[in-house]
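The values are calculated or read from the model by the stated rules, or taken from the named source; none is laboratory data. These numbers were taken from a predicted model, which means no experiment stands behind them. So basically every Cβ, Gly included, is an ideal-geometry build from the backbone, and we count neighbours across all protein chains shown.
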């Protein structure tokens, strides 16, 4: 991602966070830092669904612009299969995980992405690279 693209994503991200979560300045600053370091921001169908499900009507324009600026990582049949294996494996150990979270994890693993989340408890997969403000486990 070039400097001009990062600037455009940064502008969209600022508009998105200003409307969507004005008190979440830490998230805004993290995304700004990741962009300035040249890291692309990506999303998958599950995350897109979650964002739009929680969106308020006045947030739609900024949300749509921000989401369109992200790299889209599709869920392939192989990724869906891996998600199923993750869910079943953790269920056997007594840990219930949502289909959404195991799919997001499988996408991150398949594309070798670091998952940025505030809900690290929902992503206990040892092979998953995580970044969280409270627990930086990113590679």
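With respect to residue 30, determine if the residue is surrounded by 14 or more Cβ atoms within 10 Å (Cβ to Cβ), at pLDDT below 90 and out of contact with any helix residue (DSSP H, G or I) (no Cβ under 8 Å at 6 or more places or on another chain). Criteria met by residue 30. Residues that are more than 12 Å from the chain's Cα centre (by Cα) and at pLDDT below 90 were ranked within the range 121-139; the one that is farthest from residue 51 (Cα to Cα) is 139.
What about residue 102, is it touching a residue at least 60 places away in the same chain (Cβ under 8 Å), within 13 Å of the chain's Cα centre (by Cα) and outside the structural domain of residue 48 (by TED's automatic domain parsing)? Answer is no for this residue. Could you tell me whether the range 58-70 includes any residue that is at pLDDT 90 or above and over 16 Å from the mean Cα position of the chain (by Cα)? No, that holds for no residue.
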